[in-house]
Amino acid sequence: MTASVPEGAPAGRHDKVAVVSGGSRGLGRLLVERLLADGWRVGTFSRGVNEFITKTAESHPEAFFWEAANLGDPDTMTGFTRAVQNRFGRTDLLVNSAGVLHQELFLTTRPDRIRSLVTDNLISPMTLAHACARAMSRGGVGGQIVNVSSINAIRGYRGVSAYAGAKAGLDGFTRSLARELGPLNIRVNSIVPGFFDSDMTSEVTSTNRDRIKRRTPLGRLGDAAEVVDAVVFLISPQASFITGQSLVIDGGITC
Ligand SMILES: NC(=O)c1ccc[n+]([C@@H]2O[C@H](COP(=O)([O-])OP(=O)(O)OC[C@H]3O[C@@H](n4cnc5c(N)ncnc54)[C@H](OP(=O)(O)O)[C@@H]3O)[C@@H](O)[C@H]2O)c1
């Protein structure tokens, strides 16, 4: 690590800037809270505003920025990144957290639904990475990208083929992008969570939850805070020689 400011550390309150996709709920919201607490300035988007966004904008008027954007329209990713640059003047970290899960057998899934799952879970995260990495390279001190994948990328599960294909694409993208951006001191990694409680998994039946627990060596579902801890580790100085890797956080269900 050659930058004079330790990456991920508050270099002075409200210095470094993180872009987090999908910061209104679930994992993205926890990431926003953690990064703000750690002294980052944070720009995030979701399709709609909610109470968390309104309250955070009030409590962190200088360090928090939110704007509506939709993964389904990749052009809004570029516009959002530009808005963060205009507001904060730099970009040091991108966490591609937002994702969209739709469960349906592949043969009955409409082609436009397949395309939208790939756009939401792969094309838009790539578009965000493109815009943020260009901003990081202009900053001249490097940066970091963390892509949120899923164990669906590394194990087969019925009913999630399109989502799984997009997430596996994100892991492949992570590895090759790390090779291109390493010389610019930009580290690129992905995290690969197993099941954790969020709105996305609220419809998992109790039977399926019990099955997941039984198959998980640690005997339980994950907690989103444990996934946040893994992101915080990957962006910390303790991970300064880690790039191009996918870190699985799943209680051992895929081991
Ligand atoms: N939960 C799990 O068990 C699990 C397991 C493995 C991987 N993951 C991955 O972890 C990440 C976070 O998942 P989560 O469970 O925290 O999700 P979540 O609770 O459903 O939250 C998703 C966030 O993304 C935003 N979002 C959703 N669709 C969007 C769109 N089309 N355009 C813009 N923003 C959108 C949501 O806000 P709006 O709805 O207001 O737009 C929300 O802020 C995802 O990438 C997911 O694939 C989750």
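For Ala129, state whether it is within 14 Å of the ligand (Cβ to nearest atom), farther than 26 Å from Val228 by Cβ, open to solvent by less than 30 Å² (accessible area, probe 1.4 Å) and assigned to a helix (DSSP H, G or I). Show your work before the answer.
On the way: within 14 Å of the ligand (Cβ to nearest atom): yes; farther than 26 Å from Val228 by Cβ: no; open to solvent by less than 30 Å² (accessible area, probe 1.4 Å): yes; assigned to a helix (DSSP H, G or I): yes.
Here the answer is no, as Ala129 does not meet what is asked.
The conditions are (1) assigned to a helix (DSSP H, G or I); (2) out of contact with any Pro (no Cβ under 7 Å at 6 or more places or on another chain), and Gly219 fails exactly one of them. Which is it?
So the condition that Gly219 fails would be (1).
Every residue in segment 157-171 that is open to solvent by less than 30 Å² (accessible area, probe 1.4 Å) and either closer than 12 Å to Ser190 by Cα or more than 16 Å from the chain's Cα centre (by Cα) (or both), please.
Those that are open to solvent by less than 30 Å² (accessible area, probe 1.4 Å) and either closer than 12 Å to Ser190 by Cα or more than 16 Å from the chain's Cα centre (by Cα) (or both): Gly159, Val160, Ala162, Lys167, Gly169, Leu170, Asp171.
Please report, ordered by residue number, the strands (runs of 3 or more DSSP E) entirely within segment 7-72 with at least 1 residues that are at pLDDT below 95 and under 29 Å from Thr201 (Cα atoms). Walk me through it before giving the result.
Details: elements: 17-21, 41-46, 64-68.
Here the list is empty.
I need the full set of residues from segment 152-188 which are in contact with a helix residue (DSSP H, G or I) (Cβ under 8 Å, 6 or more places away or on another chain) and acidic (Asp, Glu), in order please.
Residue satisfying the conditions is Asp171 alone.
For the list (1) over 18 Å from the mean Cα position of the chain (by Cα); (2) without any contact (Cβ under 8 Å) to a residue 60 or more places away in the chain, I need the number of the one condition that Gly142 fails.
Here Gly142 clears every test but (2).
Being assigned to a helix (DSSP H, G or I), farther than 23 Å from Val231 by Cβ and within 9 Å of the ligand (Cβ to nearest atom) is the requirement here; does Thr76 meet it? Working first, answer last.
Numbers: assigned to a helix (DSSP H, G or I): yes; farther than 23 Å from Val231 by Cβ: yes; within 9 Å of the ligand (Cβ to nearest atom): yes.
Yes, satisfied.
What number of residues in segment 62-82 are crowded, with 23+ Cβ neighbours inside 10 Å and of a type in the set (Ser, Thr, Tyr)?
1
Tally time: how many residues in segment 115-126 are open to solvent by less than 40 Å² (accessible area, probe 1.4 Å) and either away from the ligand (no atom under 15 Å from the Cβ) or not aliphatic (A, V, I, L, M) (or both)? Show your work before the answer.
Step one: of segment 115-126, the residues open to solvent by less than 40 Å² (accessible area, probe 1.4 Å) are 117, 119-122, 124-125.
Of the ones still in play, those that are also either away from the ligand (no atom under 15 Å from the Cβ) or not aliphatic (A, V, I, L, M) (or both) are 119-121, 124-125.
Residues meeting the conditions: 5.
Quick one: how many residues across segment 224-241 are outside any helix (DSSP H, G or I) and either among the small types (Gly, Ala, Ser) or surrounded by 14 or more Cβ atoms within 10 Å (Cβ to Cβ) (or both)? Break it down into steps so the answer makes sense when it comes.
To start, the set of residues in segment 224-241 that are outside any helix (DSSP H, G or I) comprises 235-236, 240-241.
Cutting the leftovers down to either among the small types (Gly, Ala, Ser) or surrounded by 14 or more Cβ atoms within 10 Å (Cβ to Cβ) (or both) gives us 235-236, 240.
Result for segment 224-241: 3.
Out of segment 134-153, which residues are open to solvent by less than 10 Å² (accessible area, probe 1.4 Å), of a type outside the set (Val, Ile, Thr) and assigned to a helix (DSSP H, G or I)?
If the condition is that a residue be open to solvent by less than 10 Å² (accessible area, probe 1.4 Å), of a type outside the set (Val, Ile, Thr) and assigned to a helix (DSSP H, G or I), then Ala135, Met136 are the ones that fit.
Report, ordered by the first and then the second residue, all pairs with beta carbons closer than 9 Å, sequence separation of six or more or different chains, a first member in segment 189-200 that is farther than 15 Å from Val228 by Cβ and near the ligand (Cβ under 6 Å from one of its atoms), and a second member that is acidic (Asp, Glu) and assigned to a loop (DSSP other than H, G, I, E, B).
Phe195/Asp250
Condition check: within 29 Å of Glu104 (Cβ to Cβ) and exposed (fewer than 14 other Cβ atoms within 10 Å of the Cβ). Does Ser198 satisfy that? Quick ask: steps written out before the conclusion?
On the way: within 29 Å of Glu104 (Cβ to Cβ): yes; exposed (fewer than 14 other Cβ atoms within 10 Å of the Cβ): no.
The answer is no for Ser198.
With the checklist (1) closer than 26 Å to Gly140 by Cβ; (2) at pLDDT 95 or above; (3) surrounded by fewer than 20 Cβ atoms within 10 Å (Cβ to Cβ); (4) more than 16 Å from the ligand (Cβ to nearest atom) in hand, flag the one item Asp92 doesn't pass.
(3)
Name the residues in segment 25-50 that are within 17 Å of Ile145 (Cβ to Cβ), small (Gly, Ala, Ser) and more than 9 Å from the ligand (Cβ to nearest atom), would you?
Gly43, the sole residue that qualifies.
The values are calculated or read from the model by the stated rules, or taken from the named source; none is laboratory data. Keep in mind that what you see is a predicted model, and the values were worked out from it rather than measured. Positions of Cβ are generated from backbone atoms using ideal geometry, with glycine treated the same way; all protein chains shown enter the neighbour counts. Heavy atoms of the whole protein, side chains included, go into the accessibility calculation; ligands, DNA and RNA do not. Shrake-Rupley method; radii C 1.70, N 1.55, O 1.52, S 1.80 Å.
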